[in-house]
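The values are calculated or read from the model by the stated rules, or taken from the named source; none is laboratory data. Just so it is clear, the structure is predicted and the values come from calculations on it, not from any experiment. As a convention, Cβ positions derive from the backbone with ideal geometry for all residues, glycine included, and neighbour counts pool all protein chains shown. Side chains included, ligands, DNA and RNA excluded: accessible areas come from the protein's heavy atoms. Shrake-Rupley method; radii C 1.70, N 1.55, O 1.52, S 1.80 Å.
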Amino acid sequence: MAHYDPETLTILRTVLDEAWEILPDGSKSEAVKSDMAQRILKQAADGERDPVRLRASALTGIGKPANECKEVKRRSRIKQTGTFQERMLGEARRLSVQANTMAPGRDRELLLRKARQAETAAHISDWLTSPGLASPK
């Protein structure tokens, strides 16, 4: 079990009291308060001391069924409209144009390097999909 200094304990208690006051009366119960306290303590054990974040973690999932409490991160899906080679060559052109508008220096060289890398990626992909590399049938 973690040990906290008096100042941290004051912060944790204040956060719990503030989060408790935010709840509507119909949502308040000893089980809910205990759950909120456990969430705050877990965050504090991980090193969190920001009262706003601690309060947010205490209120997460209150009033929802247990199976809906966990946050589910959805993977963002992007429908690509061009081939990989087209996208890489387009990116290389964009980076080259941007670099050519800049004064000579480190930032310009980094953009030119990225442009060359994008061109190389397009060429490698082209080589890998060429008919000469197809497996014999």
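Assorted remarks:
- Solvent exposure, largest accessible area first (probe 1.4 Å, DNA, RNA and ligands not counted), of Trp20, Trp127: Trp127, Trp20
- Other residues with beta-carbon under 13 Å from the beta-carbon of Leu41 carry, at +1 per Lys or Arg and -1 per Asp or Glu, a net charge of +2.
- Over the chain, the hull volume per residue, using the convex hull of the C-alpha atoms, is 300 Å³.
- The 1.4 Å probe gives accessible areas that order Ile40, Ile124, Ile62, largest first, as Ile124, Ile62, Ile40.
- Report summary: the helix-based calculation at 222 nm, which adds -39500 (n - 2.57) for every DSSP H run with n ≥ 4 and divides by the residues of the chain, gives -20000 deg cm²/dmol.
- A cut-off under 14 angstrom between Cβ atoms defines the neighbours of Ala99, and their net charge, with Lys, Arg +1 and Asp, Glu -1, is +3.
- Summary of packing: across the peptides 77-83, 4-10, the per-residue average of other C-beta atoms within 10 Å ranks them, highest first, as 4-10, 77-83.
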